[in-house]
Amino acid sequence: MNKSVFNLGFDPAILNAMPVPFVIGENGPELRVVFVNQRFTDTYGYQIEDVPTVADWAMAACPDEVYPRDLLERWGTPMEAVIMTKDGAERYVSIQTTIIGNFTITSLVDVTSIRQVEAELQTAERSLQQVAMDITENIPVGTYTMIQP
């Protein structure tokens, strides 16, 4: 752990207790990772030794060869991405960054459960639309008025 990151005035215990997974990178050509909080390690499995730079993390966390480059090109802008945890599980993450002095703080919030619920709702909606269509197809023409939303 790089002590210079704590020149920001934060106690390491507080950083580790934060409920949001995040990493702190030292700005420079490689964006060297100088801190990962405990929530990041608990959520994604990676420790600071696993990801010495943001590029190393992108290579480890992205499922193919093209995706890490795309992720790194968009780094620093708010985005959502699909990543792999250290144990190989796929996760949807919302990535936000902020720069403070010589450091970039990046939060990586797991939104997988939200995306799963959205997909289930879309499936249910399509199913209900099909049921409504099936019901209305068997009603004789002229006996009802269909109102489109």
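Structure data summary
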quantity	calculated
Viscosity 0.692 mPa s, temperature 37 °C, Stokes-Einstein D of the range 61-123 from Kirkwood C-alpha radius, µm²/s	253
Listed residues Leu31, Leu71, Leu121, most fluctuating in the chain (Gaussian network, C-alpha, under 10 Å)	Leu121
Ile99 - accessible surface, heavy atoms, 1.4 Å probe, Å² rounded to 10	120
Of Met84, Met18, Met133, the one that fluctuates the most in a GNM where the chain has Cα springs shorter than 10 Å	Met133
5 Å binning of all Cα-Cα separations within the chain, expressed as whole percents from 0 upward	2, 8, 15, 18, 14, 9, 6, 5, 4, 5, 4, 4, 3, 2, 1, 0
Apportionment of accessible area to carbon and sulfur, the range 23-63, percent (1.4 Å)	49
Residues of the chain: accessible area per residue with a 1.4 Å probe, Å²	63
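The values are calculated or read from the model by the stated rules, or taken from the named source; none is laboratory data. Given the structure is predicted, the values throughout are model-derived calculations rather than measurements. In case anyone asks, the SASA skips ligands and DNA or RNA and just uses the protein heavy atoms, side chains included. Shrake-Rupley method; radii C 1.70, N 1.55, O 1.52, S 1.80 Å.
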